[in-house]
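S.K.: The following block contains the structure, expressed as structure tokens.
The values are calculated or read from the model by the stated rules, or taken from the named source; none is laboratory data. Since the model is a prediction, treat every value here as computed from it, not as a measurement. Cβ coordinates were reconstructed from backbone atoms using ideal geometry, including for glycine residues, and neighbour counts include every protein chain displayed.
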Amino acid sequence: MRRAEDHFRKLVEDVDDYAILLLQPDGSIASWNAGAARITGYTAEEAIGLPSERFYTDEAASDGIPARHLEEAVRSGRLADEGWCVRKDGSRFWASLTITAVVEDEGKPRCFLIIARDLTVRREMELQLRLGSDAAQLDAELRVRESEERFARFTQHLPGLAWIKDLEGRYVYVNEAGARAFARPRDALYGSTDAELFPPETAAQFRENDQRAVARRTGIQVVEHLTYPDGSMHHSIVSKFPILDTQGEVRLIGGIAIDITERVRAEEALLQADRRKDEFLATLSHELRNPLAPLRNSLHVLRTRGGDGRTERMYEMMEQQLNRMIRLVDDLLEVSRITGGKIELRREPVAVAIVVESAVDTSRPLIESAAHELAIQLPGEPLVIDADPVRMAQVISNLLNNAAKYTQEGGRITVSAARDGDEVVLSVQDNGLGIPAHMLPRVFEMFAQVDRTLKRAQGGLGIGLALARSLVEMHGGRIEAHSRGLNEGSEFIVRLPLSRRAPASRRADSALRARTAGAGLRVLVVDDNQDGADTMAMVLQTLGAETSVAYDGSAALEAIRTARPDLVLLDIGMPGMDGYEVAARVRADPDSRGIRLIALTGFGSEEERRRSRAAGFDDHCTKPCDPARLREILATNAAGRE
């Protein structure tokens with residue numbers, strides 16, 4: 001497209017027979033081609049910037065081209081006129097003018113396109129004809145034919161198809177590029193309609209767009225599709241416009257098309273690559289979660305058995321690193337979800353203090369590992385926002401993690417909240433490495449990172465701040481980064497609209513989590529990953545549940561018939577009979593309908609959650625399942641059983 005536009009622009013600049021120029025909305029000249037220079041005697045350097053009144057001798061043209069003409073062009077889109085114009089040497093010439101207004105959506109003119117021809121000779125011939133001179137008439141006809149030939153030569157060099165139709169849709173002119181695309185000689189095209197040349201759906205598309213161009217009188221730009229003789233589908237940006245006579249009546253329909261097939265194919269390839277990227281990230285996330293699940297389960301079991309101080313420190317280190325890996329996997333999947341518009345916010349009135357508390361709990365291990373001092377400053381008044389509490393806690397946690405990574409050991413991090421009019425202002429401030437001035441505008445870009453060579457800069461994927469910005473904007477807020485430079489610390493400020501609603505009480509949830517989670521529950525774990533199934537059963541036993549395991553779908557159905565569990569943690573992605581088929585069979589069995597099914601899977605997207613609910617699952621747990629989440633699931637099912 002860029003090459004085609006450059007080619008077209010060069011052609012226009014080099015056209016010698018027509019003056020083609022652009023006017024600014026105020027009537028001053030913005031561009032000037034070779035034809036304008038030849039006809040008027042002014043070079044482009046002399047003409048550009050001048051008022052167009054220099055070239056028009058109409059007494060009403062105090063502001064250049066008569067104001068009434070420009071106003072009419074804005075109303076009608078296009079105006080044809082003839083009149084006297086003046087050259088640089090002061091001589092006059094009779095010119096035909098076509099004025100096309102390019103308007104903004106609000107109807108204001110953005111510019112005017114002027115195409116002019118010197119018709120002085122023709123006008124003289126017409127005068128001679130009126131005097132009855134046969135020789136003059138012949139000479140005039142020859143000049144008209146010569147002009148038409150020049151027009152034809154001009155269109156042959158256009159970087160695309162060009163044609164003219166009458167109001168019945170019959171072709172009266174087609175350039176060579178059009179004849180090749182239509183796979184017919186030009187003479188065979190003349191007098192034919194689209195319905196006679198193309199398949200019905202193609203002809204209907206062309207005819208509909210022709211009629212729209214005539215109805216609007218200003219012309220239209222559309223994308224049209226045409227199958228070439230070799231069977232390939234081509235796509236073109238097409239400009240269609242009415243051609244008016246000197247009385248302003250539509251007489252013909254013109255069209256110019258530029259092939260954009262390669263661009264369309266490139267866009268389709270990008271979309272396909274984007275889909276494959278999403279599929280790759282989802283698969284990668286799933287494959288990483290499978291080995292992480294038994295690691296987290298085993299670590300939880302080991303910690304419940306206790307140990308000396310040295311062993312406990314090793315457990316803490318292992319848990320911190322494991323949690324960091326899980327966060328990286330989650331971030332990978334979040335990139336795919338947000339860029340694909342697949343994030344669904346579950347908004348509710350939530351107290352800002354609850355959001356901050358949740359974020360601090362998530363980030364505390366990283367903060368404490370670097371011996372940072374953490375200060376929390378919350379106002380005495382309750383501040384409530386309409387937000388997804390999980391996502392908003394993720395925002396604050398990402399900011400805290402960022403502060404912890406880029407602050408020297410023993411630094412200070414402050415998280416605060418305050419009211420500012422109808423907004424709440426959340427701030428995460430540190431006294432760490434700061435942000436160089438050249439990086440401030442880029443810190444929220446995907447994969448952008450401050451210099452990795454800086455001490456304490458722990459790298460990472462460079463997507464935490466980008467995710468934070470996306471989530472804040474989805475909540476109708478905004479986020480800013482401030483820093484006075486290197487070693488001057490940083491501050492990230494989040495602004496969100498305050499809610500007028502009261503937050504829901506969380507006492508019941510707290511009480512539920514405090515109960516003995518799995519006491520007396522019979523739980524079946526089904527997973528083709530035997531390490532994952534066995535270690536999950538061990539974790540459930542530490543929570544008081546009675547457990548059994550199965551490693552495939554058939555064994556799961558047999559265990560359900562014989563053991564009659566209260567709860568089944570069922571892996572979805574098993575070979576052979578997957579979790580969806582197992583769930584369908586369980587739900588179809590009247591004797592098993594009371595069993596609660598929990599989807600256990602490495603896929604955690606909203607689409608996967610909807611699909612599991614539709615398949616009959618009661619809940620959805622993403623691997624590796626956090627022991628706190630397991631405790632919540634067990635407590636919920638224990639309460640349901642009572």
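S.K.: Please go through segment 374-384 and give me each residue that is within 11 Å of R419 (Cα to Cα) and out of contact with any Pro (no Cβ under 7 Å at 6 or more places or on another chain), ordered by number. Can you show your working first?
M.R.: Let us first name the residues in segment 374-384 that are within 11 Å of R419 (Cα to Cα), namely 378-384.
The answer is L378, P379, G380, E381, P382, L383.
S.K.: Please enumerate the residues belonging to segment 566-601 that are β-branched (V, I, T), in contact with a Leu (Cβ under 7 Å, 6 or more places away or on another chain) and modelled with pLDDT under 90.
M.R.: Hits for segment 566-601: nothing passes.
S.K.: If you take the residues in segment 352-367 that are touching a Leu at 6+ places or on another chain (Cβ under 7 Å) and touching a residue at least 60 places away in the same chain (Cβ under 8 Å), which one is nearest to I326 (Cα to Cα)?
M.R.: V356
S.K.: Could you run through segment 252-283 and say how many residues are of a type in the set (K, R) and modelled with pLDDT of 85 or more?
M.R.: Matching residues across segment 252-283 total 2.
S.K.: Considering segment 239-273 alone, what residues qualify as being free of Cβ contacts under 8 Å to residues at least 12 places away in the same chain and surrounded by 13 or more Cβ atoms within 10 Å (Cβ to Cβ)?
M.R.: Step one: of segment 239-273, the residues free of Cβ contacts under 8 Å to residues at least 12 places away in the same chain are 247, 249, 262, 265-273.
Selection gives nothing.
S.K.: With respect to S31, determine if the residue is buried (at least 21 other Cβ atoms within 10 Å of the Cβ) and either modelled with pLDDT under 75 or not assigned by TED's automatic domain parsing to the domain that holds P242 (or both). Even if it seems obvious, please write down each step before you answer.
M.R.: Numbers: buried (at least 21 other Cβ atoms within 10 Å of the Cβ): no; either modelled with pLDDT under 75 or not assigned by TED's automatic domain parsing to the domain that holds P242 (or both): yes.
No: the conditions fail for S31.
S.K.: Something else: Looking only at segment 265-281, decide whether some residue is among the aliphatic types (A, V, I, L, M) and in contact with an Asp or Glu (Cβ under 9 Å, 6 or more places away or on another chain).
M.R.: So far as segment 265-281 goes, no, none of its residues is among the aliphatic types (A, V, I, L, M) and in contact with an Asp or Glu (Cβ under 9 Å, 6 or more places away or on another chain).
S.K.: Report, by residue number, each residue of segment 225-284 that is small (G, A, S) and touching a helix residue (DSSP H, G or I) at 6+ places or on another chain (Cβ under 6 Å). Break it down stepwise before answering.
M.R.: Here is the first cut: in segment 225-284, the ones small (G, A, S) are 231-232, 236, 239, 248, 254-255, 257, 266, 269, 273, 282.
Selection gives nothing.
S.K.: Have a look at E45, E141, E53 and point out the one that is exposed (fewer than 13 other Cβ atoms within 10 Å of the Cβ), at pLDDT below 80 and of a type outside the set (A, V, I, L, M, F, W, C). It would help to see each step written out before you state the result.
M.R.: On the way: E45 fails: at pLDDT below 80; E53 fails: exposed (fewer than 13 other Cβ atoms within 10 Å of the Cβ).
After applying the criteria, what remains is E141.
S.K.: Within segment 368-380, identify whether any single residue is within 21 Å of F444 (Cα to Cα) and either hydroxyl-bearing (S, T, Y) or in a strand (DSSP E or B) (or both), and answer yes or no.
M.R.: Let us first name the residues in segment 368-380 that are within 21 Å of F444 (Cα to Cα), namely none.
The answer is no; no qualifying residue exists.
S.K.: When L399 is evaluated against the numbered criteria (1) closer than 17 Å to L471 by Cα; (2) modelled with pLDDT under 90, which criterion, by number, is the only one it fails?
M.R.: Of the numbered conditions (1) closer than 17 Å to L471 by Cα; (2) modelled with pLDDT under 90, the odd one out for L399 is (2).
S.K.: Scan (1) outside any strand (DSSP E or B); (2) closer than 17 Å to L634 by Cβ; (3) not small (G, A, S) for the single condition D591 breaks and write down its number.
M.R.: For D591, the exception is condition (2).
S.K.: Which pairs do you get when a residue that is under 22 Å from F93 (Cβ atoms) and surrounded by fewer than 21 Cβ atoms within 10 Å (Cβ to Cβ), found in segment 60-82, comes within reach of a residue that is among the small types (G, A, S) and at pLDDT 80 or above, reach meaning Cβ atoms under 6 angstrom, with the pair 6+ apart or on two chains?
M.R.: As it stands, the answer is D63/G27; E82/S96, since those pairs meet every condition given.
S.K.: Another question, if that's okay. If you check every pair at least six apart or on different chains, which have Cβ atoms under 8 Å apart with a residue in segment 484-510 that is on the phi > 0 side of the Ramachandran plot and in the same structural domain as T407 (by TED's automatic domain parsing) first and a residue that is buried (at least 17 other Cβ atoms within 10 Å of the Cβ) and at pLDDT below 85 second?
M.R.: The qualifying pairs do not exist here.
S.K.: Tell me whether segment 583-599 contains one or more residues that are crowded, with 22+ Cβ neighbours inside 10 Å, in contact (Cβ under 8 Å) with a residue 40 or more places away in the chain and of a type in the set (A, V, I, L, M, F, W, C).
M.R.: No, because not a single residue in segment 583-599 is crowded, with 22+ Cβ neighbours inside 10 Å, in contact (Cβ under 8 Å) with a residue 40 or more places away in the chain and of a type in the set (A, V, I, L, M, F, W, C).
S.K.: Listed residues N290, N297; which is under 17 Å from G573 (Cβ atoms) and in contact with a helix residue (DSSP H, G or I) (Cβ under 8 Å, 6 or more places away or on another chain)?
M.R.: That would be N290, the only listed residue that is under 17 Å from G573 (Cβ atoms) and in contact with a helix residue (DSSP H, G or I) (Cβ under 8 Å, 6 or more places away or on another chain).
S.K.: Considering segment 442-455 alone, what residues qualify as being out of contact with any Lys or Arg (no Cβ under 7 Å at 6 or more places or on another chain) and either closer than 19 Å to Q408 by Cα or at pLDDT 65 or above (or both)? Can you show your working first?
M.R.: The first filter runs over segment 442-455 and keeps only residues out of contact with any Lys or Arg (no Cβ under 7 Å at 6 or more places or on another chain), leaving 442-443, 445-447, 449-455.
R442, V443, E445, M446, Q449, V450, D451, R452, T453, L454, K455, listed by residue number.
S.K.: Within segment 421-432, can one find any residue that is in contact with a helix residue (DSSP H, G or I) (Cβ under 8 Å, 6 or more places away or on another chain), surrounded by 24 or more Cβ atoms within 10 Å (Cβ to Cβ) and farther than 14 Å from V494 by Cα? Full working, then the answer.
M.R.: First, pick out the residues of segment 421-432 that are in contact with a helix residue (DSSP H, G or I) (Cβ under 8 Å, 6 or more places away or on another chain): 424, 426, 428-430, 432.
The next check asks that each one be surrounded by 24 or more Cβ atoms within 10 Å (Cβ to Cβ); those that pass are 426, 428, 430, 432.
The next check asks that each one be farther than 14 Å from V494 by Cα; those that pass are 430, 432.
Within segment 421-432, one or more residues are in contact with a helix residue (DSSP H, G or I) (Cβ under 8 Å, 6 or more places away or on another chain), surrounded by 24 or more Cβ atoms within 10 Å (Cβ to Cβ) and farther than 14 Å from V494 by Cα.
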